[in-house]
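The values are calculated or read from the model by the stated rules, or taken from the named source; none is laboratory data. Just so we're clear, the structure is a prediction, and the values are computed from it rather than from any experiment. Every residue, glycine among them, receives a Cβ derived from its backbone with ideal geometry; neighbour counts consider all protein chains shown.
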Amino acid sequence: MRYTATHPWLGPQMHFDRLKRRDFITMLGGAAAWPLAARAQQPAMPVVGYLHPDSPDGYYDRVRGFRAGLKQAGYVEGENVAVDYRWAESQLDKLPALAAELVRRRVAVIAAGSTITAQVAKAATTTIPVVFLVAEDPVRLGLVSSLARPAGNMTGINFFVAEVSAKRLELLRILRPAAARVAVLVNPANAPTTGTTLRDLETAARAMGLALAIFNASSSREIDEAYAALARERPDAVFISLDPMFVGRRVQLAHLATRHGLPAIYPGREFVEVGGLMSYGTSLADAFHQVGLFTGRILKGAKPADLPVVQANKFEFVINRQTARTLGIEVPPDLLSIADEVIE
């Protein structure tokens, strides 16, 4: 009887060949599983939740500072840590839902880059560590028990609005010594920071003999409307308060001030870099670096309760001399001599 290659039982040699093929496939399957098993044994990459009330526009330097702080602590985004960015796009009512999403995802740490996001994060979780950056006393806000011993699940960086606001008003007065009336632009939607800013400004203004006129804006349209009113009322100068929404609209604010011939002082250098007249405030890139550093330390096992709140101590005074020329303003030598940077 002649056997063919299609017969189910082909004799000893064919049976041996089939056994070899089966063993080879089994071996391949086991080899393919080895990397998977090795990967399964590796610890999962930790995830940091980054919660912010505005959009990424205008915050690249601050995000870069945050990443630099993480790197200093030994974490590189995309290599050994992931960051889940949640931006509210100036719609503050979205923040609680965004924070809840981060809690459901069980992120390792939440980085809250403003006073309002710190408060939202506190309401969202009492267990996930939170690193905040706030513009006023975190003890008074109820975020921590004390600066030295935060307790609970929160710690971070604090820069007080009071001293900075008063100094900013003083610089504006030096620029315009004959000024009698200063307009203050605030965002009423950011109630905690706005309330503190106005309270402290009123005290400083009384000491300087200045009258304040308060203007509100919570959107681009309202900024346009506020400047239309400013153009009619013609204050001697404009004070732009600290607010994430204003940072995102800094080009609009700088353009409107120049267009209407109004000298203005801003809370950060990013306004001056796009054409604003001058700014004085905390170096927020440095502050966000500290937030990243604290976040990395917590990822390594530190507890928020054991990390004292750090007070920001790096401030910047920046003048755009080209904008001053456009406005027909001669910047006093006293101001130029103390500026950290003069943009020509």
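Structure data summary
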read-out	value
Selection count, region 136-167, where residues are crowded, with 24+ Cβ neighbours inside 10 Å and under 17 Å from L212 (Cβ atoms)	2
Residue check for T193: β-branched (V, I, T), under 29 Å from D334 (Cα atoms) and assigned to a helix (DSSP H, G or I)	no
Residue list for region 297-309, restricted to those being under 22 Å from S146 (Cα atoms), in contact (Cβ under 8 Å) with a residue 40 or more places away in the chain and of a type outside the set (D, E, K, R)	I298, P304, A305, L307, P308, V309
Members of region 65-85 found to be assigned to a helix (DSSP H, G or I) and surrounded by 21 or more Cβ atoms within 10 Å (Cβ to Cβ), listed by number	G65, F66, G69, L70
Flag if F246 is crowded, with 20+ Cβ neighbours inside 10 Å and in contact with a Gly (Cβ under 6 Å, 6 or more places away or on another chain)	no
Conditions (1) within 17 Å of P244 (Cα to Cα); (2) crowded, with 20+ Cβ neighbours inside 10 Å; (3) at pLDDT 95 or above; (4) out of contact with any Ser or Thr (no Cβ under 7 Å at 6 or more places or on another chain); number of the one not met by A88	(3)
Residue tally, condition within 26 Å of R250 (Cα to Cα), in contact with a strand residue (DSSP E or B) (Cβ under 9 Å, 6 or more places away or on another chain), touching a residue at least 40 places away in the same chain (Cβ under 8 Å) and among the hydrophobic types (A, V, I, L, M, F, W, C), over region 66-93	1
Complete set of residues in region 263-286 that are more than 14 Å from N320 (Cβ to Cβ), of a type outside the set (S, T, Y) and surrounded by fewer than 23 Cβ atoms within 10 Å (Cβ to Cβ)	A285, D286
Unmet criterion (only one of (1) within 24 Å of A204 (Cα to Cα); (2) touching a helix residue (DSSP H, G or I) at 6+ places or on another chain (Cβ under 6 Å); (3) not basic (K, R)) for F246	(2)
From the options A237, A254, residue that is modelled with pLDDT of 95 or more and within 24 Å of the chain's Cα centre (by Cα)	A254
Meets criteria (within 23 Å of P46 (Cβ to Cβ) and of a type in the set (D, E, K, R)) for R297	yes
Any chance L143 is of a type outside the set (D, E), part of a loop (DSSP other than H, G, I, E, B) and at pLDDT 95 or above	yes
Every residue from region 279-335 that is over 27 Å from R173 (Cα atoms) and charged (D, E, K, R)	D286, R297, K300, K303, D306
Only one of T193, T197 that is under 18 Å from Y266 (Cβ atoms), more than 17 Å from the chain's Cα centre (by Cα) and either modelled with pLDDT of 95 or more or surrounded by 18 or more Cβ atoms within 10 Å (Cβ to Cβ) (or both)	T197
Matching entry among V342, V318 (being outside any loop (DSSP other than H, G, I, E, B), among the aliphatic types (A, V, I, L, M), in contact (Cβ under 8 Å) with a residue 40 or more places away in the chain and farther than 30 Å from N80 by Cα)	V318
Residue count, region 135-162 (criterion: under 21 Å from the mean Cα position of the chain (by Cα) and either under 18 Å from K314 (Cα atoms) or basic (K, R) (or both))	10
Boolean, L336 is assigned by TED's automatic domain parsing to the domain that holds E225 and either acidic (D, E) or more than 30 Å from A217 (Cβ to Cβ) (or both)	yes
Boolean, E136 is under 27 Å from D200 (Cα atoms) and charged (D, E, K, R)	yes
